[in-house]
Amino acid sequence: MVARITSWTAKKLSYAGRAQLIQTVLFSIQAYWSQLFAIPSKVLNTIEAYCRSYLWSGTNTITRKALLAWEKVCTPKSVGGLGLINMRLWNRAAITKASWDIEHKCDRLWIRWLHAYYIKNQQFCLMAIPQQAGWMVRKLFEARDTLPLIQYNTVGSLIKQIYLQLMGNNEKISWKTLRFGNNARPKAQFIVWLQMQGRLLTVDRIASWAVNVDHECKLCNSQGETRNHIFMECPYSVKVWEGVLKWMKVPSFRTTKWEQLEKWIIQKTKGKSQKAQVFKMTYTEWVHTIWIERNQHRFEERSRSAEQLVREIAYVCHIRAPTRIKEMVRQFVVS
Ligand SMILES: [Zn+2]
């Protein structure tokens with residue numbers, strides 16, 4: 001696996017591209033799991049550390065840098081994660097399934113015997129089993145406690161059912177409308193994912209653990225840089241956003257309260273209408289374009305005019321729009 005990550009680091013990828021690669025690796029490990037039922041936690045920790053470091057730093061060495069806890073990254077999209085597999089939970093689910101198999105369909109007598117023996121005299125039984133096998137057997141029997149808690153369905157993979165139930169009911173994010181059916185580029189969606197959760201690395205957040213940072217917003221050179229400033233108050237990015245809204249013929253909306261902006265976005269992206277679909281895509285591309293522009297101002301001292309950015313966003317949306325909304329997008333003209 002490390003070799004695979006090493007070969008990827010040669011290529012320069014966006015966050016979204018890296019997340020995609022990690023997804024494929026985790027899927028292949030997951031497939032392997034259905035044959036072998038448990039992976040020791042030491043191995044799991046290592047896999048996780050590599051995946052985490054690769055996502056946030058793009059390197060093949062283990063780092064501690066992360067913009068969001070890995071536990072959170074490994075939750076479904078609807079509750080605010082990236083939809084990666086939580087391997088710890090998957091492992092528990094696999095063990096629980098193996099335990100279920102023994103209870104329900106194992107015809108190998110020695111396992112049944114061991115099982116019965118274990119229940120009668122747990123301590124003694126564990127001593128009698130060689131240490132390495134003991135680890136697996138112990139896990140297997142521990143999982144018996146979980147069995148009554150799971151509801152089974154004859155349809156679909158059992159491990160997956162157990163996995164979902166172990167994950168529990170995470171609260172759905174209010175802005176999930178933005179996350180589904182969004183035609184913006186994956187890398188733009190990734191930035192919005194961070195932005196909506198307040199996890200973009202803006203200066204106010206850097207300042208909490210580093211000294212000597214320039215607090216000023218480089219887009220307008222007038223106020224301190226925070227997420228709320230960049231996406232609601234900054235005259236430069238507001239000008240771009242108003243340009244985009246004018247382009248899509250949506251009345252503008254000004255606020256200085258994040259909750260209100262969020263409410264407005266949710267309202268605009270709800271449902272399956274073409275309008276909602278266009279709004280999702282443009283909002284996402286706007287956030288991404290502003291963030292990239294911010295990085296260029298800050299780190300490369302390059303800058304473009306607000307009009308240029310509006311044109312770029314319109315251009316990207318023209319290309320990305322699927323057939324269903326292509327006609328609508330085509331009617332918009334940048335003024
Ligand atoms: Zn500003």
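Here, each number is a calculation from the coordinates, and none is a lab measurement. What you see is a predicted model; the values in this text were computed from it and never measured. Backbone-built Cβ (ideal geometry, glycine too); neighbour counts: all protein chains shown.
Calculated from the alpha-carbon coordinates, the stretch 1-85 shows an Rg and a Dmax of 12.6, 35 Å respectively. Here's the list of aspartates and glutamates a cross-link from Lys280 could span, going by alpha-carbon distance under 19 Å and ignoring same-chain residues fewer than 8 apart: Glu242, Glu259, Glu262, Glu312, Glu327. Under 1.5 on a/c is rounded, so check that first for the stretch 162-220, then, if it is not, pick prolate when a/b is larger than b/c and oblate when it is not; a ≥ b ≥ c are the square roots of the alpha carbon gyration tensor eigenvalues. Verdict is oblate for the stretch 162-220. Between helix 87-105 and the chain there is an angle of about 40 degrees, using the helix long axis and the longest principal axis of the Cα atoms. If you sort the three axes of the alpha carbon gyration tensor as a ≥ b ≥ c, you get a/c of 1.5 or more for the stretch 241-309 and a/b above b/c, which makes it prolate.
Give me the lysines in straight-line cross-link reach of Lys72: C-alpha distance below 17 Å, same-chain residues under 8 apart excluded. Output for Lys72: Lys172, Lys176. Per-residue extension of 0.36 nm, minus the Cα-Cα distance of Asn169 and Gln20, leaves a gain of 51.1 nm for this segment. Computed extension length for Arg324-Glu71: 87.5 nm, one decimal, from 0.36 nm per residue of separation with the Cα-Cα distance subtracted. When the listed pairs Lys218/Lys246; Lys187/Lys275; Lys65/Lys218 are checked against a 28 Å cut-off, every alpha-carbon distance falls at or below it. A Förster distance of 30 Å, applied to the separation of the beta-carbon atoms of Gln331 and Glu259, puts the FRET efficiency at 0.35. On full extension, the segment bounded by Val2 and Phe299 gains 103.8 nm, given 0.36 nm per residue less the C-alpha separation. Scoring 149-161, 86-98, 67-79, 315-327 by mean Cβ neighbours within 10 Å over their residues and listing the highest first yields 86-98, 67-79, 315-327, 149-161. Computing Rg and the Kirkwood Rh from the Cα coordinates of the stretch 171-287 gives a ratio, Rg/Rh, of 0.98. The angle between the Cα long axis of helix 306-320 and the longest principal axis of the Cα atoms of the chain comes to about 50 degrees, rounded to the nearest 10. Here the dipole of the stretch 214-294 is about 600 debye; that uses its Cα centre as origin and unit charges on the Cβ of Lys and Arg (positive) and Asp and Glu (negative). When the chain is described by a simple charge dipole with +1 on each Lys and Arg Cβ and -1 on each Asp and Glu Cβ, the residue from Asn45, Thr226, Val278 located farthest towards its positive end is Val278. Can you give the angle from 0 to 90° between the axis of helix 186-196 and the longest principal axis of the chain, with both taken from C-alpha atoms, to the nearest 10? The helix 186-196 is inclined about 90 degrees to the chain. Most tightly packed first, judged by the mean number of other beta-carbon atoms within 10 Å of their residues, the peptides 294-300, 283-289, 168-174 read 283-289, 294-300, 168-174.
On the principal axes of its alpha-carbon atoms, the chain has extents of 79, 47, 36 Å, going from largest to smallest.
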